[in-house]
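Here the structure is laid out as structure tokens; the discussion comes afterwards.
The values are calculated or read from the model by the stated rules, or taken from the named source; none is laboratory data. No experiment lies behind these values; they were computed from the predicted model shown. Don't worry about glycine lacking a Cβ; one is built from the backbone with ideal geometry, like all the others, and counts go over all protein chains shown.
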Protein chains: 2
Amino acid sequence: MSSPAITIGPRVRKSPFYNATIEAGAQAFTIYNHMFMPTSYGDTTAEYWAIVEGVSLWDVAAERQVEIIGPDALALTQLLTPRDIDKCPINRARYVVFVDENGGIVNDAVMYRHAENHFWLSPGDGDVLLWAKGVAAQSGLDVTVREPDASPLQLQGPLAPRVAQKLFGDLATELGYYQFCHTSLEGIPVVLSRTGWSGELGYEIILKDGSKGTALWDLCMAAGAEFNIQAACPSLARSMEGALLSYCSDITLNDSPFTIGMDRLLDIDKPHDYVGKAALQAIAKTGPERRLVGANFGGEPVTPNQHFMDVKFGDDVIGHVTRYCWSPRLEHNIALINVPTAFAATGTTLSLDAGDGWREAEVVDIPWVPAEKIIPAFD
Amino acid sequence: MSSPAITIGPRVRKSPFYNATIEAGAQAFTIYNHMFMPTSYGDTTAEYWAIVEGVSLWDVAAERQVEIIGPDALALTQLLTPRDIDKCPINRARYVVFVDENGGIVNDAVMYRHAENHFWLSPGDGDVLLWAKGVAAQSGLDVTVREPDASPLQLQGPLAPRVAQKLFGDLATELGYYQFCHTSLEGIPVVLSRTGWSGELGYEIILKDGSKGTALWDLCMAAGAEFNIQAACPSLARSMEGALLSYCSDITLNDSPFTIGMDRLLDIDKPHDYVGKAALQAIAKTGPERRLVGANFGGEPVTPNQHFMDVKFGDDVIGHVTRYCWSPRLEHNIALINVPTAFAATGTTLSLDAGDGWREAEVVDIPWVPAEKIIPAFD
């Protein structure tokens with residue numbers, strides 16, 4: 001059958017960039033944080049190459065921000081994450097996870113620190129707004145948790161700094177990795193941030209006035225025209241190459257930060273209380289029962305999986321594929337798989353259900369392609 | 001343009017009934033509680049008449065249940081809702097709302113009481129799981145909050161009791177409105193409940209073994225064949241006729257239970273503490289600033305709105321349409337509109353953006369069609 005249609009109705013919000021993306025030829029969508037998000041302009045391989053070799057603009061307004069503000073905003077944010085965010089300077093971002101009482105991951109997010117007691121969380125798909133409000137409700141803290149008027153675009157690819165410099169001047173090229181600032185573009189208020197979900201050089205341009213979506217989109221596309229900017233979507237292949245994980249597939253509530261190898265981004269023994277502290281301290285002692293690891297496999301380009309696929313060791317199903325795809329530049333198939341720790345060592349040979357049969361796969365170190373962080377000099 | 005496609009990938013779960021609904025001809029989907037949910041088999045008017053005059057089977061597994069269990073399950077559930085649920089007997093269901101610290105609605109749900117300290121919440125679209133876990137996290141209560149293996153089908157329409165009697169015997173017809181029981185069907189464990197989202201007679205059949213989706217679907221369709229059962233989806237027109245509200249469109253975090261006229265289902269002064277108590281007690285004194293009310297309007301059958309549409313009084317935009325559609329049996333257009341209390345009185349004349357121009361609309365009492373609750377005797 002052909003792909004089913006997506007029903008467009010008022011229960012799900014349209015992004016401020018929705019009309020612009022339809023105009024640009026968006027052909028498929030998903031729903032993410034109660035908002036439509038484009039997933040394809042018809043040729044995902046072309047989008048991949050634009051991201052990897054050129055520059056691309058993505059509507060990711062569905063990264064709905066969660067704002068934590070007020071006298072106890074720092075205290076609540078500390079309570080929400082095992083990372084010690086006292087260490088995060090203002091106008092810097094950090095990758096954080098939130099865990100429940102069992103140490104299971106509620107979501108992951110880029111955290112922006114706007115002021116001593118003012119944060120935005122930019123989470124994956126899931127109502128982190130409700131999680132944060134729920135934790136706050138019985139905490140006795142004096143804090144407001146709400147959704148701000150904030151809708152990210154991503155400008156991603158090796159030529160992204162060129163486009164950003166045209167738009168924002170040297171501000172864009174002087175901004176360090178995971179730094180951000182509040183600025184504006186022809187009167188449109190935005191946050192410009194050296195973050196993104198491509199592993200390539202890039203920016204998030206976070207619109208702070210939801211009525212100006214088409215205007216901001218058009219400014220970015222116009223500035224990028226000389227660099228052949230392409231409207232694109234978050235790339236399955238590029239995100240996998242960079243081991244950029246996706247909440248609800250690679251990461252679920254059943255996984256602890258140790259499962260996904262985020263140990264280095266935790267301060268589990270920080271002096272502050274946080275939800276899940278005892279659970280994470282216990283897991284740290286024993287090690288996680290399961291691991292999310294990479295695997296390479298051969299054969300024809302695999303059709304990306306629609307749901308979790310079985311992973312076997314010998315004849316026994318021991319785990320599952322969270323995502324797999326063909327990597328156009330590595331020219332082989334790559335997978336993220338969730339397996340017991342005993343089968344997670346690099347070099348382990350497993351087999352996986354490739355949709356059209358079982359294929360042998362070998363556990364490998366990830367990421368396949370490390371993140372680009374340094375903007376080279378250009379004229 | 002034609003409808004955009006929906007991307008099927010592992011970030012969003014497939015319902016246990018997914019394969020059966022594809023087989024039955026599902027042509028459009030939405031995403032609801034991180035799960036694909038069919039929205040059309042190609043002719044929503046035919047589906048409407050099957051629901052209103054015959055019998056229909058819906059995949060609403062995306063009504064993901066939230067289980068609250070443990071020594072303090074009653075205490076946590078009391079903390080979550082302004083309704084006094086001490087009054088709810090075991091094996092009965094209640095409609096409940098959850099509110100935040102401002103009295104804004106976090107979600108609404110059918111609450112099933114399985115035992116003194118064992119509840120399921122069957123919410124609208126939103127991570128009530130995270131809300132409940134978040135509130136529990138700092139509450140000091142001894143309780144587990146989790147998602148059970150529980151996936152509802154709805155069997156809805158005036159002939160639903162006939163089909164249910166074939167499947168379950170007299171158990172089905174003896175069950176009172178908002179009563180339920182645990183039972184099984186050819187070894188498949190289910191909850192059978194006299195609840196649903198059609199306003200017609202009907203049941204929810206909640207599958208308790210996610211591996212048996214196709215088997216349960218096929219049993220229901222086979223039993224319904226002699227009654228010409230149709231695969232169908234939640235009906236925009238029928239839900240609106242019954243003023244069955246939808247979270248994220250008719251109800252949002254900006255609305256209090258008073259806004260949506262749920263006053264009679266609240267016990268705001270109950271002796272137990274609950275999140276939002278002070279806020280609701282304050283709103284009860286002043287009355288809500290806005291109201292969700294019904295409106296009739298004429299002209300050609302309106303195209304259902306894709307997003308909120310403006311409502312005017314004179315030349316001023318004073319509110320918005322949450323949903324509107326043509327009612328096939330009332331033979332006029334109906335709308336749910338959110339307006340300031342001053343414009344909410346029955347008989348008020350307003351105008352609304354019908355997509356192809358402004359049309360005059362008159363505020364009316366809702367529901368347009370009251371719920372059917374009594375199963376008539378049949379042979």
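Do we have A:Arg83 as surrounded by fewer than 24 Cβ atoms within 10 Å (Cβ to Cβ), among the basic types (Lys, Arg) and closer than 22 Å to A:Ala371 by Cβ here?
Taking the combined requirement at face value, the residue does not satisfy it.
Please find, among A:Asp100, A:Asp142, the residue that is under 28 Å from B:Ile105 (Cα atoms) and either assigned by TED's automatic domain parsing to the domain that holds A:Leu266 or over 23 Å from the mean Cα position of the chain (by Cα) (or both).
Sole residue among the options that is under 28 Å from B:Ile105 (Cα atoms) and either assigned by TED's automatic domain parsing to the domain that holds A:Leu266 or over 23 Å from the mean Cα position of the chain (by Cα) (or both): A:Asp142.
I'd like to check something: does segment B:157-177 contain any residue that is under 24 Å from B:Met35 (Cβ atoms) and not small (Gly, Ala, Ser)?
no
Got a number for residues in segment B:241-251 being away from chain A (no Cβ under 12 Å) and crowded, with 21+ Cβ neighbours inside 10 Å?
So the count comes out to 2.
Would you confirm whether or not segment B:252-264 contains a residue that is surrounded by 17 or more Cβ atoms within 10 Å (Cβ to Cβ), farther than 24 Å from B:Arg83 by Cβ and modelled with pLDDT of 95 or more?
no
Here's a check for you: in segment B:324-379, which residue that is exposed (fewer than 13 other Cβ atoms within 10 Å of the Cβ) and of a type in the set (A, V, I, L, M) is nearest to B:Val163 (Cα to Cα)?
B:Ala377
If you take the residues of segment A:1-58 that are closer than 22 Å to B:Asp125 by Cβ and charged (D, E, K, R), which of them is farthest from the other protein chains (Cβ to nearest Cβ)?
Looking at the filtered set, the residue picked out is A:Arg13.
Out of all the residues in segment A:128-146, is one or more within 14 Å of another protein chain (Cβ to nearest Cβ), within 20 Å of A:Val60 (Cα to Cα) and basic (Lys, Arg)?
Yes, that holds for at least one residue.
Determine, yes or no, whether A:Asn19 is closer than 21 Å to A:Trp197 by Cβ and among the polar types (S, T, N, Q).
no
Could you figure out which of (1) within 14 Å of another protein chain (Cβ to nearest Cβ); (2) of a type in the set (A, V, I, L, M, F, W, C); (3) closer than 18 Å to A:Trp368 by Cβ; (4) surrounded by 22 or more Cβ atoms within 10 Å (Cβ to Cβ) isn't true of A:Cys233?
(3)
All but one of (1) out of contact with any Lys or Arg (no Cβ under 9 Å at 6 or more places or on another chain); (2) closer than 30 Å to A:Glu101 by Cα; (3) of a type in the set (S, T, N, Q) hold for A:Ser122; which doesn't?
Condition not satisfied by A:Ser122: (1).
With the checklist (1) touching a helix residue (DSSP H, G or I) at 6+ places or on another chain (Cβ under 9 Å); (2) within 10 Å of chain B (Cβ to nearest Cβ) in hand, flag the one item A:Glu116 doesn't pass.
Result: A:Glu116 passes all but (2).
Restricting to segment B:149-203, name every residue that is surrounded by fewer than 24 Cβ atoms within 10 Å (Cβ to Cβ), among the small types (Gly, Ala, Ser) and closer than 13 Å to B:Leu219 by Cα.
B:Ser184, B:Gly187
What tally of residues in segment B:364-379 results from selecting those that are in contact with a Ser or Thr (Cβ under 9 Å, 6 or more places away or on another chain), outside any strand (DSSP E or B) and at pLDDT 95 or above?
3
Among the residues of segment A:86-97, is there at least one that is among the hydrophobic types (A, V, I, L, M, F, W, C) and either within 13 Å of chain B (Cβ to nearest Cβ) or on the phi > 0 side of the Ramachandran plot (or both)?
no
Among the residues of segment B:292-309, which ones are within 14 Å of chain A (Cβ to nearest Cβ) and surrounded by fewer than 14 Cβ atoms within 10 Å (Cβ to Cβ)?
B:Thr303
Would you check if there is a residue in segment B:253-262 being within 14 Å of chain A (Cβ to nearest Cβ) and among the polar types (S, T, N, Q)?
Yes: segment B:253-262 contains one or more residues that are within 14 Å of chain A (Cβ to nearest Cβ) and among the polar types (S, T, N, Q).
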